[in-house]
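Reviewing the structure listed below.
The values are calculated or read from the model by the stated rules, or taken from the named source; none is laboratory data. Fair warning: this is a prediction, and the values are worked out from it, not measured in the lab. Every residue, glycine as well, gets a Cβ built from its backbone with ideal geometry; the counts of neighbours run over all protein chains shown. The area values use the complete protein model at the heavy-atom level, side chains included, leaving out ligands, DNA and RNA. Shrake-Rupley method; radii C 1.70, N 1.55, O 1.52, S 1.80 Å.
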Amino acid sequence: MSATANPLVNSPGPMTNGQLDQLSINCIRTLSMDAVQQAKSGHPGTPMALAPLVYTLWNRVMRFDPQDAIWPNRDRFVLSNGHASMLLWSVLHLSGTRAVNAEYERLGQPAVSLEDIRRFRQLGSKAPGHPEYHWVSGVEATTGPLGQGVATSVGMAIAQAWLANRYNRPDFEIFDYDIYVVCSDGCMMEGVGSEAASLAGHLALDNLCWIYDNNHISIDGNTRITFTEDIAARFLGYGWNVLRVGDANDIDRIGHALDVFHKTKGRPTFIILDSHIGYGSPHKQDTAAAHGEPLGEEEVRLTKRDYGWPEDTKFLVPNAVRAHFAAGIGARGGQARSRWTQLFEAYRSKYPELATEIDLMQRRELPAGWDRGLPVFPADPKGIAGRDASGKVLNVLAQNIPWLLGGSADLASSTKAALTFDGAGSFEPETPGGRNLHFGVREHAMAAAVNGLALSKLRAFGATFLIFSDYARPAIRLSAMMELPTIFVFTHDAMGDGEDGPTHQPVEQLASFRAEPGLVVLRPCDANEVVEAYRYVMQLRHEPALLALSRQPLPTLDRSKYASASGLARGAYVLADPPGGKPEVILVASGSEVSLCIDAHEDLLAEGIRSRVVSMPSWDIFEHQTQAYRDSVLPPDVTARVAVEQASTFGWDRYVGRSGRVIGMKTFGASAPLKELQRKFGFKPERVTEMARALIGKRKTN
Ligand SMILES: Cc1ncc(C[n+]2csc(CCOP(=O)(O)OP(=O)(O)O)c2C)c(N)n1
Ligand SMILES: [Mg+2]
C-alpha cells in the first residue's frame, strides 16, 4: 500500500484491517517525528522507516503480554540500533504495556505514557534517549553502543535453549520463546556484531532472528564510502539462514519472512530488510540528515501530509490504534500468557522441584544449600593460586546452583573456569544442557552474551585474563548499567605471567574498573578470600562482580594468627595488628601484595615498629561501610600509610592520604620471570619496611 493511500485518521465508518495496520504504522511514525521535534534532538528517520517492521513483529507475531512484561516465556525484542528508541517507546505505549518495579511487582501504570513520549529525552521521562533496561519496563536490554544488542541477544538465545533443555518435559513446553533483534549498519560494522554472529552460527541458535535495516545510510552519509561488503555472503558463511525483504513497507512479506524464521531449524535467521530512512519525508528520505536531527516543523507537516495524517496535530493517538493493538498483541499475548500460566501450574504439581527452581531464578534468588561444601583452605606458606582456588569454588557452587553456568574465551585451562564435575558438559548444538560455554577467542561477545544470560535470569560467568578485559569492557559497562548480577572471572591479574611481558600484564585495568559505578571489583589475597569473594558475589542480585585472581600461588594465610577471611565482606579489614597499643603505621594491600605486607609487618614488629596490615580486596565494598567502620580500619590519626598493589598507583592516595606512599606501577611491566619483575618494580618487603620507617621517622635499628 502506498503511503498516500493511507486512510485519514478520522475516516468515517469502520476501517478494514489493512487500514488499521496502516493507521497504526503511521501512528508510530508520527509519534516518533513529534517526539524528536519536541525534544529538538533524537533520531526520527529510522523509526519512520522501520515502523512497519516493528508493528508487524509486535502486533502480529510476538508472544508478549502487555499486562505482564516479565512473564518468563515471552518472546524477547531487542532494539540493537538503540538510537531508534522511539520505535520501542511507541509500541510500548500503543500496546498499553504496564510497568513492573525492581521487586518484580506488576504495577498498574503504563510503562511509557503519552506524557513520557511528549517528554522524550527529558529528565525522569520513561522515554529516554536510548532503551534502558531497569528504567523502562518492557526494555529487554540496554542498547545504544552499536553492536551490543545483537551480541547480548546471542546470550539470550543460549539461555532459551538451555532453559528449554533443562525444564521442558513431554507436553510441557515451558520455555519455547524466540528472540527478535532489530539492528542497523552500525551493528554490522562493529566487531562485536561479527563475533556474536559467528558464535550464534556455530551454536546453530534457531530461536534467534536478527532483522538488519539495510538502508545504506549511517551518520557520515551513504555507506558506499565505507561499508560495501556482501553481507548476505558473510552471514551465509557464519551458517545463518539469510532472507531478504526488498520493501520495508510490505508487512505481508515481512510476516512471511518471520514465518520462514519460525520454520527454520538448526540455524539462526538473518533478514535483510531494504528500507528508506526518513520514509515519507519529501526532502530528507534516504539522506543522513534523517538520522540524527529533527525533521523541522515544516518537514514534519509535509511528511504527515504524505502519510495522510492531520498536519496540525501532535502526538495524536487515534482510539482505533489503541483498540487495534489491544486486539492484536493484547489479545494474543494475554492468551499466550494465561495458557502458559495454566500449563505451569500443572507442571508445578508434576515437577515441583523444577518449578521451584524456575521461581527462584525469576527472583534472582539462590537455592537452599547453595554454599554447601565450600572449601576451607588450611594455612600453607606455599599456598595456591587465586585461579586454582576459584576453579574449586566455582565447581562446588555450580553443583549446588543448577542454573550457574559460564565459560571462557578460549582460556578454560588457564583461567581454571571450567566446570569439571560429572555431567557438567559443554553447551554445543547437540548438547544444549551443557554448563560450560566455549566462547572462543571472542571476549567482547562473551561479555555481552553473559549479559544476555543474566537478562534471562541465569547466573552466568565469563572468564579470561584481566588484561583482555579491555576487549570486553563495553559489555561490562552495560552489565553495571543494567544492574545485572554477572560474574567476570579475570585471572593473571598482575605480573604473574612474567615472561609473557607487558602486553599481558594489566596496569590500569583495576583503577578503571574501580571507577565504574556499580561494578563490584574484588582482588582476593589468598584461597580463603577467594571463597569469601564468591560467597559475597553469589548473593548479589543487582550488581555485576569482577574477580581479579592471581596466576601464581599465593600463601594461604594462617587465619588462627591473622583475622578471618570473612572480613572480605566489608571490603577491607584489619588482618594483622601489633600486640597491644595502637598501630603507628598502616600497610594496606590487595591480592598478591597482602602476603608481602605480612612479611614486612613481621619484620617491622621484630624491630619494635607497631604496624597494622589491612587487606583491602574491594574498594567498592569498603566505600559502602559506615564511616565508623572505615575509621576503625584506617584510623584518621594514623597518617603513616603505605599501599602496595601490582597495578597503577592511580587512586590509592584516597587511602594513604597526602603523606602516605604507594608502591605500584607507573609504567608498563616487562618480560621476565616474576621474581625479577618483583625486584625491578619494588614489590619486596624491604621496600615496604623502608617506606614505613621513613614515614614514621625511624631508622633501621639492627
Ligand atoms: C559503538 C558506537 N559507536 C558510535 C555510535 C554513534 N552512532 C550512533 S548511530 C550511528 C550510525 C548510524 O548508522 P546506522 O547504524 O546505519 O543507523 P541508521 O542511521 O541507519 O539508523 C553512530 C555512528 C554509537 N551509538 N555506538
Ligand atoms: Mg543505516
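Kirkwood Rh over Cα pairs of the range 569-702 into Stokes-Einstein at 4 °C, 1.567 mPa s: D in µm²/s?
Estimated diffusion coefficient is 86 µm²/s.
According to the Cα gyration tensor, what semi-axes, each the square root of 5 times an eigenvalue, does the equivalent ellipsoid of the range 39-157 have, listed from largest to smallest in whole Å?
19, 18, 14
When the accessible area of the range 231-369 is computed with all protein chains present and a 1.4 Å probe, what percentage of it is carbon and sulfur?
Using a 1.4 Å probe with all protein chains present, the range 231-369 comes out at 53 percent carbon and sulfur.
Where the accessible area of the range 470-544 is counted over protein heavy atoms with a 1.4 Å probe, how much of it, in %, is carbon and sulfur?
Of all accessible area on the range 470-544, carbon and sulfur atoms account for 51 percent.
So which cysteines in the chain don't have a second cysteine's C-beta under 4.7 Å from them?
Among the cysteines of the chain, those whose Cβ sits 4.7 Å or more from every other are 27, 209, 525, 597.
Cα axis of helix 593-606 to longest principal axis of the chain: angle in degrees, 0 to 90, nearest 10?
The two axes meet at around 20 degrees.
Using the Kirkwood formula over every pair of different C-alpha atoms, what hydrodynamic radius in Å results for the range 280-384?
20.7 Å
With a probe of 1.4 Å, find how much accessible area the chain has per residue, and write the answer as a whole number in Å².
37 Å²
Which order do 370, 652, 135 take when ranked by solvent-accessible area (1.4 Å probe, heavy atoms of all protein chains), largest first?
Output order, biggest surface exposure first: 135, 370, 652.
Can you give the Kirkwood hydrodynamic radius for the chain, in Å, rounded to one decimal and based on Cα pairs?
For the chain, the Kirkwood estimate is 27.2 Å.
Could I have the simple spin-label model distance between residue 515 and residue 653, label points 7 Å from Cα toward Cβ, reported in nm to one decimal?
1.4 nm
Ranked highest first by the average count of other Cβ atoms within 10 Å around their residues, in what order do 482-495, 187-200 fall?
Averaged packing, sorted descending, gives the order 482-495, 187-200.
Specify the angular offset, from 0 to 90 degrees and rounded to the nearest 10, of the alpha carbon long axis of helix 45-55 from the longest principal axis of the alpha carbons in the chain.
80 degrees
So how compact is the range 34-73: Cα radius of gyration and Dmax in angstrom?
For the range 34-73, the Cα radius of gyration and maximum Cα-Cα distance read 13.9, 38 Å.
Obtain the nm distance between the two label points defined at residue 499 and residue 563 by a simple spin-label model: each point lies 7 Å from its Cα along the Cα-to-C-beta direction.
Placing both labels 7 Å beyond Cα along the Cβ direction yields 3.9 nm.
On a 1.4 Å probe surface of the protein chains, which of 347, 629, 536 comes out largest in accessible area, and what is the full order?
Heavy-atom accessible area, descending, gives 536, 629, 347.
Can you list, bin by bin at 10 Å, the percent of alpha carbon pairs in the range 417-531, starting at 0?
13, 41, 35, 11, 0
With angles folded into 0 to 90 degrees, how steeply does helix 251-263 sit against the dominant principal axis of the chain? Use alpha carbons for both and round to 10.
50 degrees
How much of the accessible area of the range 548-624, probe 1.4 Å, is carbon plus sulfur, in whole percent?
Here it works out to 51 percent.
Could you state the per residue volume, in Å³, of the convex hull enclosing the Cα atoms of the range 661-702?
67 Å³
Determine one quarter of the surface area of the Cα convex hull of the range 518-557, which equals its mean projected area, and express it in nm² to one decimal.
With the hull built on Cα positions only, its mean projection is 2.7 nm².
When you count, for each residue, the other Cβ atoms within 10 Å and take the mean per peptide, how do 122-129, 213-220 rank with the highest first?
Top to bottom by mean Cβ count within 10 Å: 213-220, 122-129.
In a shell of Cβ-Cβ distance under 14 Å around residue 346, excluding residue 346 itself, what net charge do Lys and Arg (+1) and Asp and Glu (-1) give?
In short, +1.
Keeping every protein chain in place, order 91, 100 by accessible area at 1.4 Å, biggest value first, i.e. largest first.
Of 91, 100, the descending order of accessible area is 100, 91.
Expressed as a rounded percentage, what relative contact order does the range 622-702 have, with Cα pairs under 8 Å and six or more residues apart?
26 percent
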